[in-house]
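Only one structure is covered here, and it is reproduced in the block below.
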DNA sequence: CTCGAATCGGGTAATTTGGGTT
DNA sequence: CATGTCCAAATTACCCGATTCG
């Protein structure tokens, strides 16, 4: 089992995911829209992404210790 | 679904709910004000949220075992 | 009664969303 | 087709002092 839908996990903000991939937050949103990345929605409509899923998509590579979305 | 109103239900603090959604405790308060989330009021005016309701809003997502407010 | 942490309130920046365009 | 940018509107995050919780 990798990243199941009902698995325990930590949520990341769009900025944080974008910083890890070195892309624009908008791009991360497109990935979520395309179903390439599962997203949890806040009650206001903002998206939160699972850290474990992002890690897998990164191919096990952990980006430099950069604090995004501070 | 077993989410009765007057049923035995664990109450969560704003910090705990905020940690589950990866948002600010203030944001959870806004959700309660907007009627998106029902809140129980303490005698001092502080809000408490039903765990069962929060879980449903999370859409089956189970946050990592994190103790937010202890 | 005292104390540290948390949660009130409001007010103001920063982020996110969505569509359309390049 | 994927990504980056511009725009307006909506949502969220951080600031303060005062009050409540445990």
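The values are calculated or read from the model by the stated rules, or taken from the named source; none is laboratory data. Because the structure is predicted, anything quoted here is derived from the model rather than measured. Here the Cβ is made from the backbone with ideal geometry for all residues, glycine too, and neighbour counts use every protein chain on show.
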- Item | Residue count for the range A:38-62, restricted to those that are within 8 Å of chain B (Cβ to nearest Cβ) and in contact with a helix residue (DSSP H, G or I) (Cβ under 6 Å, 6 or more places away or on another chain) | 2
- Query: What are the pairs, 6+ residues apart or on separate chains, where a residue within the range B:10-29 that is closer than 11 Å to residue B:50 by Cα has its Cβ under 6 Å from a residue that is assigned to a helix (DSSP H, G or I) and modelled with pLDDT of 95 or more?
  - Reply: B:10/B:51; B:12/B:51; B:14/B:25; B:14/B:28; B:17/B:28; B:17/B:54
- Identify all residues within the range A:26-55 that are near DNA strand D (Cβ under 10 Å from one of its atoms) and over 10 Å from the mean Cα position of the chain (by Cα); write none if there are none. A:26, A:27, A:30, A:33, A:34, A:36, A:41, A:42, A:43, A:44, A:45, A:46
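For residues that are surrounded by 14 or more Cβ atoms within 10 Å (Cβ to Cβ) and not in a helix (DSSP H, G or I), scanning just the range B:50-70, find the one that is modelled with the highest pLDDT.
Among those that are surrounded by 14 or more Cβ atoms within 10 Å (Cβ to Cβ) and not in a helix (DSSP H, G or I), it is B:50.
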- Query: Is it the case that some residue within the range B:35-44 is touching a strand residue (DSSP E or B) at 6+ places or on another chain (Cβ under 6 Å) and assigned to a helix (DSSP H, G or I)?
  - Reply: no
- Report, by residue number, each residue of the range B:23-34 that is part of a helix (DSSP H, G or I) and either at the interface with chain A (Cβ under 10 Å from one of its Cβ atoms) or under 17 Å from residue B:58 (Cα atoms) (or both). B:25, B:27, B:28, B:29, B:30, B:31, B:32
- Does at least one position in the range B:3-22 carry a residue that is at pLDDT below 95 and within 13 Å of DNA strand D (Cβ to nearest atom)? yes
